[in-house]
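Here the structure comes first, spelled out in structure tokens, and everything after it is commentary.
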Amino acid sequence: MRIAVCVKQVPEGAAKRIDPATRRLDRAGEGALNAYDANAVEEALRLKESAGEGEVVLLTMGPARAADAIRKALAMGADRAILVTDDAAAGSDLLATSIALARALEREQPDLVLFGQQAADSDGAVLWGAVADRLRRPLISQVAELTLADGVVTGKRQSEFGYDVIRAPLPAVVAVSDSINEPRYPSLKGIMGAKKKPQETLTLADLGVESDRAGEAGSRTEVLALSEPPSRGESRRIDGDGAAPEAIIAFLAEKRLV
Amino acid sequence: MKVLVFLEHHEGSLEKRGLAVLSKAASLDGAEVAGAVLGAGVGEIAGTAGRFGARTVHVCDDPALEAPLPQPRVDALAALVAEEGFDTVFFAQSVLASDVAAGLAARLEAGLNWDLTDLLVRDGALVGKRPALADSVYVEVGWKGERRLALFRSGAFDPVEVGGQAQVESFSGRFEDFSLQATMVEQAHEERSGPSIEDAEIVVAGGRGLGKPENFSLVEELARELGGAVGATRAVVDAGWYPYSSQVGQTGKTVSPKLYVACGISGAIQHKVGMQNANVIVAINKDANAPIFEYCDLGVVGDLNEILPRLTELVRQRKAG
């Protein structure tokens, strides 16, 4: 059984900013594995462990330094990684990204493709829908519990109305939520071993992605301008001393809420 | 501009958030707006859309569309868009709609912008607004190419009844084999107890910071004294501390009460989108660095175990006095 996990490198912590000149996310600083993707990696490892066989392959697209993010997922226990990196891929939107990933996945022919819940930088929670359509495979998203038996995946999906249970035959595409598991920390052995695991670097040409379907040329959305968010107005702060409840009541009374 | 709005439905009625997007679309200059209702046995509810600005409602009534699964809906919408020549398709963001929109984007090779909170026409072109990077910056986005798709954040617009009548037109779906492979084994049914938090004027909500499930009683008691409803974060719902029907946030309810009291809630973006439209937000959290302190009106750094019982008592006294 082969499980592919699509992961993303995102700017670390508070360093996230949009470059006003390019109107793209500034990816120059330290990068980290998108935290939501760690849940997908963890789930892949658990499926492999409970099956007693299989291979977990990481797939990412990004600048060459995205290899840093992959290394953490390899240290968690993934077997090998594929990095799609190409200057012409910079600025790819959902459409352009989904083409490159779908082409790379077609090459790998995994039984199961996993995604994390969303990207912490773009807040996007849509990529799997586009990839599943391009691969022509069944999709289950927002999965809070996943089981795999006899070539069928069963996922418990959280939607606005509660929990649905959805089933699909392999090969399938599944996006997991961040409540599905608690990702493991890489062990020292895992960290040391990660460097020796196979990592393949591919260009768009390797994947047969035409240049007009990649990067900004292949994108059908654009960022036009950036602005400051509207202010919520003045915010008051009380540092918890004994009189906090009285202060809250006074505030609510002033706002005519009690 | 020929706009199609995907109208999600649940238990026999059209979802309010879809009608809100429909109202917004109908208010745009030069937009000809239709709705799409996809499901099994949905013919009767489709007409409602006319009151919110749709001139036409396209209905695909097919057993293959009975379960709220995305892929057969991509097939049906792709055919409808091609047949009727729509250049724009709008969705109210939801778990289902996001998957449908993304699949349709790939199928039609159309640009998709998500999480939009506003929309306008500037020099004849459609411009969307989106809060980005945990709402720290606002981004104006556009579309390139002939077709445009957009997902709108829940609560971005209100449904506006304009009182028109829509012509209901049926169309039949043809489905790809792979689109029918995922099947619904068990569909969610909402369990509701007490007043809906969506209609409550006051919501008192609890998160992980309460420490343990039993402490939810502190939240319930304050809610009762204030005459409000109880909300919960996804983290505590997933942990089984509180029922799903009370969940506020991205995959839960969107609330806009007069007062929202957040107890032990860090205020991550997934929660924020569900409650940021509250008039007044009071946050109580022992972590002084919690993101919720960035967007509340009154922030209290302190211990919930001490503050909540005393606060409840003070509300009680005030009512009695």
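The values are calculated or read from the model by the stated rules, or taken from the named source; none is laboratory data. The structure displayed is predicted, hence computed values, not measured ones. Cβ: placed from backbone, ideal geometry, glycine included. Neighbour counts: every protein chain shown. What goes into the accessible areas is simple: the full protein's heavy atoms, side chains included, and nothing from ligands, DNA or RNA. Shrake-Rupley method; radii C 1.70, N 1.55, O 1.52, S 1.80 Å.
Annotations for the structure displayed:
Residue by residue, here is whether (1) touching a helix residue (DSSP H, G or I) at 6+ places or on another chain (Cβ under 8 Å); (2) within 14 Å of another protein chain (Cβ to nearest Cβ) holds:
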residue	(1), (2)
B:Asp62	yes, no
B:Ala67	no, yes
B:Val100	yes, yes
B:Arg107	yes, yes
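- For region B:150-194, the set of residues classified as open to solvent by less than 50 Å² (accessible area, probe 1.4 Å), more than 9 Å from chain A (Cβ to nearest Cβ), out of contact with any Asp or Glu (no Cβ under 9 Å at 6 or more places or on another chain) and at pLDDT 90 or above consists of B:Ala150, B:Pro159, B:Ala166, listed by residue number.
- Pair list, Cβ < 7 Å and 6+ apart or interchain, from region A:18-30 residues that are within 10 Å of another protein chain (Cβ to nearest Cβ) and touching a residue at least 40 places away in the same chain (Cβ under 8 Å) to residues that are among the acidic types (Asp, Glu) and buried (at least 16 other Cβ atoms within 10 Å of the Cβ): A:Leu25/A:Asp121
- Any hit, region A:40-62, residues being touching a Phe, Trp or Tyr at 6+ places or on another chain (Cβ under 7 Å) and more than 18 Å from A:Thr201 (Cα to Cα): yes
- Unique match (being open to solvent by less than 30 Å² (accessible area, probe 1.4 Å), more than 30 Å from B:Ala288 (Cβ to Cβ) and more than 9 Å from chain B (Cβ to nearest Cβ)) among A:Leu188, A:Leu170, A:Leu204: A:Leu204
- In region A:223-249, the residues that are open to solvent by 70 Å² or more (accessible area, probe 1.4 Å) and closer than 30 Å to B:Ala106 by Cβ: none
- Set A:Leu101, A:Leu127, A:Leu105: member being closer than 30 Å to A:Arg23 by Cβ, open to solvent by 40 Å² or more (accessible area, probe 1.4 Å) and either in contact with a Pro (Cβ under 9 Å, 6 or more places away or on another chain) or touching a residue at least 40 places away in the same chain (Cβ under 8 Å) (or both): A:Leu127
- Within region B:155-181, residues that are more than 30 Å from A:Arg137 (Cβ to Cβ) and hydrophobic (A, V, I, L, M, F, W, C) have Cβ atoms under 8 Å from residues that are open to solvent by 40 Å² or more (accessible area, probe 1.4 Å) and in a loop (DSSP other than H, G, I, E, B) in these pairs: B:Ala166/B:Arg55, counting only partners at least 6 apart in sequence or on another chain.
- Restricting attention to region A:118-153, the residues that are more than 7 Å from chain B (Cβ to nearest Cβ), in a strand (DSSP E or B) and under 21 Å from the mean Cα position of the chain (by Cα) add up to 5.
- When the residues of region B:72-98 are filtered to those that are open to solvent by less than 30 Å² (accessible area, probe 1.4 Å) and either facing another protein chain (nearest Cβ under 7 Å) or of a type in the set (D, E, K, R) (or both), the one that is nearest to A:Thr221 (Cα to Cα) is B:Ser98.
- Residues being out of contact with any Cys (no Cβ under 6 Å at 6 or more places or on another chain), more than 8 Å from every other protein chain (Cβ to nearest Cβ) and not in a helix (DSSP H, G or I) - total across region B:280-321: 5
- Residue match in region B:29-39 (condition: surrounded by 20 or more Cβ atoms within 10 Å (Cβ to Cβ), assigned by TED's automatic domain parsing to the domain that holds B:Val127 and closer than 17 Å to B:Ala182 by Cβ): yes
- Restricting the first member to region B:248-272 and to residues that are closer than 22 Å to B:Val300 by Cβ, and the second to residues that are assigned to a helix (DSSP H, G or I) and small (Gly, Ala, Ser), the beta-carbon pairs closer than 6 Å and six or more apart or on different chains are B:Val248/B:Gly274; B:Gly249/B:Gly274; B:Gly264/B:Gly209.
- Candidate set: region A:189-226, residues that are among the acidic types (Asp, Glu) and part of a loop (DSSP other than H, G, I, E, B); chosen: the one farthest from B:Ala132 (Cα to Cα): A:Asp206
- Given (1) facing chain B (nearest Cβ under 8 Å); (2) assigned to a loop (DSSP other than H, G, I, E, B); (3) without any contact (Cβ under 8 Å) to a residue 12 or more places away in the chain, index of the condition A:Ser179 fails: (3)
- Any hit, region B:125-133, residues being more than 8 Å from chain A (Cβ to nearest Cβ) and either open to solvent by less than 20 Å² (accessible area, probe 1.4 Å) or of a type in the set (Ser, Thr, Tyr) (or both): yes
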